[in-house]
Amino acid sequence: MDLRFTDEQEMMRKMVRDFAQKEVAPRIESMENEEFPTEIIKRMGELGLMGVPVSEEQGGAGMDYTSYIIAINELSKVSATLGVILSVHTSVGTFPILKFGTKEQVDHYVPKLASGEYLGAFCLTEPGAGSDAGSLKTKAKKEGDHYIINGSKVFITNGEYADTFIVFANTNPEQGNKGITAFIVEKGTPGLEIGKSEKKMGLHGSSTVSLNFDSMKVSESQRLGEEGEGFKIALANLNIGRIGIAAQALGIAEAALDAATGYAKEREQFGKPIAKNQGVSFKLADMATAVEGAKLLVYNAASKYQAGLDTSKEASMAKKYASTTAVNAAIEAVQVFGGYGYTEDYPVERYFRDAKITQIYEGTNEIQNVVISRQLLK
Ligand code: CAA
């Protein structure tokens, strides 16, 4: 297996790195103050970042999945908030339409999403259906040429600012998860109510809201795929979604390692840089080894996805390992910084807060273990 990147992929990395350092880094503080980065997202659209793996004819950048994962990885080194906005928008906000939509749906929505004119959201989780997503209670009842949808969703990333929502509702509750159907719902649809905005430990610039559907009327033409296909649409797109979150976690881990290494070389105690102590240098060695392992898993999963192979196991492995690497690297980075690491003067406390959610969303790491072990044992 050759894990070297192509010239095109390296160009993507350099472009995103420059953009993140010049245009995103100065906005970290405003995002930490819970300002949604609308202007940056607009710029990302201009740079082709909101539809990296979408073809040029469909309004995207026409690049491969690895380039897309590189974009999330690089962006997340500077801002994990933008990493999740981009990953959710693309993997689970755009791809369900691209892969399962009718020609009319693809032609209408994908160019708008891929160019960044529209922002996408994915609405699966409910108050009583998190890990057990198949037990969702939102109902869609067919009436003539439309559906009436009632129910509620929680933890919807991008929710307050999204233009399109991929909504999962059950059209045939007796069939359990085989009754779940997907719909494309537009912002402003009567009956779509944006609810409470969550106050989160980290990712302060990202929007996380609950949604309520109060007799929301959705035309049959907005149904995505056939009735009953919804759960498969959700899980299939969570595969690339999980690789995206793994790349976000990898970016946080790399940023933590870089910060800790730089600080350990500069900070002097007992008359020498603290990096000269094995207690510190071995921490860096452990962090670097885990980061390298996470990188291999993330890009292995991305290249298999690119090749059209079943990547549910690889995506889960990448997310599980990269997210735990991010949490551990952030904890150790704070430790290397000592008292300063606990202050907002240095970014490591932000990495610490941002890292934790990567072990939870798009399937907890316990659920990733379910996916991995089922594949092993089938
Ligand atoms: N890819 C493709 N198909 C898959 C799949 C995958 N990763 N996992 C399962 N499927 C298929 C199964 O093969 C099965 O198909 P058949 O009926 O033909 O056999 C079907 O989907 C149903 O699967 P299960 O019978 O295994 O369903 P289950 O109810 O036992 O649940 C689960 C399986 C893996 C636990 C699943 O419920 C799950 O992944 N839960 C976690 C939910 C999740 O990740 N939520 C994330 C919310 S989105 C989010 O967080 C976004 C954000 O804002 C950041």
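Share of antiparallel DSSP beta bridges in the chain, in percent to the nearest 5? That works out to approximately 85 percent antiparallel.
Here, P(r) means the percent of Cα pairs in each 10 Å bin from 0 to the largest distance; for segment 166-249 it is 16, 34, 38, 12.
Taking the Cβ of each residue in 181, 81, 358, 208 as the centre, tally the other Cβ atoms inside 10 Å and list the residues starting with the fewest. Write out the running numbers ahead of the final one.
Numbers: 181 24, 81 27, 358 32, 208 20.
Placing the least packed residue first, the sequence is 208, 181, 81, 358.
With the convex hull of its Cα atoms as the shape, segment 1-50 has an orientation-averaged projected area of 4.5 nm². Between 13, 353, 267, which gets the highest mean-square fluctuation from a Gaussian network model of the chain, Cα cutoff 10 Å? Maximum fluctuation in the GNM of the chain, among the listed residues, is at 267. Computed extension length for residue 269-residue 286: 3.9 nm, one decimal, from 0.36 nm per residue of separation with the Cα-Cα distance subtracted. Fewest-first ordering of 211, 224, 296 by other beta carbons within 10 Å of each residue's beta carbon gives 296, 224, 211. Under 5 Å from the amide H of residue 63 lie the amide H atoms of 54, each residue being 5 or more positions distant or on a separate chain, with H modelled from the backbone and absent for Pro and chain starts. Normalised by the number of residues in the chain, the mean separation of alpha-carbon contacts (under 8 Å, six or more apart) gives a relative contact order of 16 percent. Stokes-Einstein diffusion of segment 82-234 at 37 °C, 0.692 mPa s viscosity, Kirkwood radius from Cα pairs, rounded to a whole number: 216 µm²/s. For the chain, the dipole from Cβ point charges (+1 on Lys and Arg, -1 on Asp and Glu) about the Cα centre works out to 920 debye, to the nearest 20. Computed over the chain, the range of Cα coordinates on each principal axis works out to 79, 45, 41 Å, biggest value leading.
Ranking 26, 53, 63 by Cα position along the charge dipole of segment 7-64, where only Lys, Arg, Asp and Glu carry charges on their C-beta atoms, puts 26 farthest toward the positive end.
Among the listed pairs 153/217; 200/283; 112/232; 112/356, those whose Cα-Cα separation exceeds 22 Å are 200/283; 112/232; 112/356. Rounded to whole numbers, the Karplus 3J(HN,Hα) couplings from phi for segment 318-328 are 5, 5, 4, 6, 5, 5, 5, 4, 5, 4, 5 Hz, using 6.51 cos²θ - 1.76 cosθ + 1.60 with θ = phi - 60°, and x at Gly and Pro. Simple point charges give the picture: +1 on the Cβ of Lys and Arg, -1 on the Cβ of Asp and Glu, and for segment 1-74 a dipole about the Cα centre of about 120 debye. With distances taken between every two different alpha-carbon atoms, segment 272-378 has a Kirkwood hydrodynamic radius of 15.3 Å. Only the Cβ atoms of Lys and Arg (+1) and of Asp and Glu (-1) were treated as charged; on that basis the dipole of segment 38-102 about its Cα centre amounts to roughly 200 debye.
Among 282, 270, 352, the largest mean-square fluctuation in a Gaussian network model of the chain (Cα springs under 10 Å) belongs to 270. Between 98, 82, 203, the GNM of the chain built on Cα springs shorter than 10 angstrom shows 98 fluctuating the most. A convex hull fitted around the alpha carbon atoms of segment 1-103 yields 111 Å³ per residue.
Convex hull volume of the Cα atoms in segment 215-301, per residue, in Å³?
Once divided by residue count, the hull of segment 215-301 is 155 Å³.
Laboratory data are not the source of any read-out in this text; all were calculated from the coordinates shown. In this text the structure is predicted, and so the values were computed from the model without any measurement. Using ideal geometry, Cβ is built from the backbone for each residue, glycine included, and neighbour counts are taken over all protein chains shown.
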